[in-house]
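The values are calculated or read from the model by the stated rules, or taken from the named source; none is laboratory data. Computed from a prediction, not measured in an experiment: that's the story for all the values here. To get the accessible areas, we keep the full protein, side chains included, count just its heavy atoms, and leave off ligands, DNA and RNA. Shrake-Rupley method; radii C 1.70, N 1.55, O 1.52, S 1.80 Å.
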Amino acid sequence: MSFDPSTDSLSNLSKVAGVDFNKLREKYKTVQQKQTSECSHTLSAKDEEDLKRLNNYKICKSCLGKGTVKTIYNHMVLERDCEECDGDSIVLSQERLDEIAKGLS
């Protein structure tokens, strides 16, 4: 729900809440402008290389990145290593697996 500052609903809401929303907008407008100007970060070549390597891995969907799976056995909860990721919490992405398969054939 967004409010247009020129409408009466915002002034009515300001009266009910006891807060002048127009003054709050003016107060924090400069903070928002500073944050957007500070976020202009460019990636270096090393960062790009690291991101490409990270894209080869995905979080295991079976254990949700925990590395262990809980199972119920005779009123007990057993915790064992995940069979999908062997307890590593990460698996190779499908694209990387396809690349490896092409290289082997």
### Message
What is the percent carbon and sulfur in the accessible area of segment 38-105, measuring with a 1.4 Å probe over the protein chains and ignoring ligands?
### Response
52
### Task
Starting from the Cα of Lys15, draw a straight line to each of the aspartates and glutamates and keep only those under 16 Å, dropping any in the same chain fewer than 8 residues away.
Asp4
## Note on the structure
Amide H neighbours of Ser89 at under 5 Å, excluding residues fewer than 5 places away on the same chain, with H built from the backbone geometry, are Gly67
### Query
If you roll a 1.4 Å probe over the heavy atoms of the protein chains, what accessible area per residue do you get for segment 56-105, in Å²?
86
